[in-house]
Structures are given as C-alpha cells and as structure tokens.
C-alpha cells in the first residue's frame, strides 16, 4: 500500500522533473502518475475493490460543449480573491463524515481552525482525514458526499479570519 505522504512526495518530484510518467507496484497495489500537461494520479488496486477511479466517470466534470453553451448562471461561481480554496491532495472518494451515522465534520457557515478536520478522502481502502490548514469560515462545500475527486480539485471555500 502507498502512504499519502509518499504519494505527495512522488507528485512533487515528478512535477520538478521532465519525467512524464511513473508506475510503481507495491504489496499488490499499483500507482501510476502521469503528467500530460498537468499531473494526473491514477491509483489501481489489483485486488477486487468496490471503488475504482475512472477519469471518464468523474461527476461534475464539464463537457467542452457545456462550458460554451451553458448560461453563466448555471456554472459554479468563480472563487473570490479573498477566499481560501481547500483542494484535494489526492485522487479518492470524498466523505463529509467519518461514517454514515455521524454528522458531517463541517457545514456551510461553520468556523474552522488550521487543525479542524473538514472531510475524509478514501484512497485504496485508506481513510485520510483532511485538515482545513486555515482559520476561517466555510463559505461553500464544492463536492457531494461520496463523490470521486481528483488531485488538486477544489473541495471547500473558506473565508479566512
């Protein structure tokens, strides 16, 4: 299995080099990092899994035709300059709470500190808590519970204090 810190370190190393793709196998898991213009991370577990990542099946991924044809009101609001964006550090499944029976970690309007857990990202059956890393108020939650998210995808907008 791969640790989140190892995946982050590999992504940073790849971004700093001319290497376009790297594939690593470890303990029955395969990690492929590909850089076609921007870094893309695809993690595949060789054992049967219920959650798999398929780039074509990412919810809320705008189609090129929809971007030009959709009215401005139907598109998500662009982040404001004074807001901090919490982004996904990895590919995984976004969960708002630690279990379906528990309340969400944060809701719109909640105040957070740098160490406040805002969600869980599941990757390869590992649950990774994501901290806010900024003090402020949650202004917007940009993804739905159970949604697959990509590396670098905006998850929350926070109005810093």
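Points worth noting:
- Were the residues from residue 87 through residue 107 laid out at 0.36 nm apart, the gain over their Cα-Cα distance would be 5.6 nm.
- Estimated FRET transfer efficiency when R0 is 30 angstrom, pair residue 147-residue 21 (beta carbons, to 0.05): 0.70
- Residues 110, 15 arranged by fewest to most Cβ contacts within 10 Å: 15, 110
- Subtracting the Cα-Cα distance of residue 13 and residue 97 from their residue separation scaled by 0.36 nm leaves 27.1 nm.
- Stokes-Einstein D (µm²/s) once Rh is taken as the Kirkwood radius of region 82-160 over alpha-carbon pairs, at 4 °C in 1.567 mPa s: 105 µm²/s
- Region 99-154, relative contact order in percent, only Cα pairs under 8 angstrom and at least six apart counted: 33 percent
- Region 94-120 and region 1-15 have Cα centres lying 25 Å from one another.
- Per-residue Cβ neighbour rank within 10 angstrom, fewest leading, 96, 34: 34, 96
- Ranked by the mean number of other Cβ atoms within 10 Å per residue, highest first, peptides 86-92, 123-129 order as 86-92, 123-129.
FYI, it's all coordinate maths here, none of it is from the lab. Since this is a predicted model, take the numbers as computed values, not measurements. With ideal geometry, Cβ positions are generated from the backbone for all residues, glycine too; neighbour counts draw on all protein chains shown.
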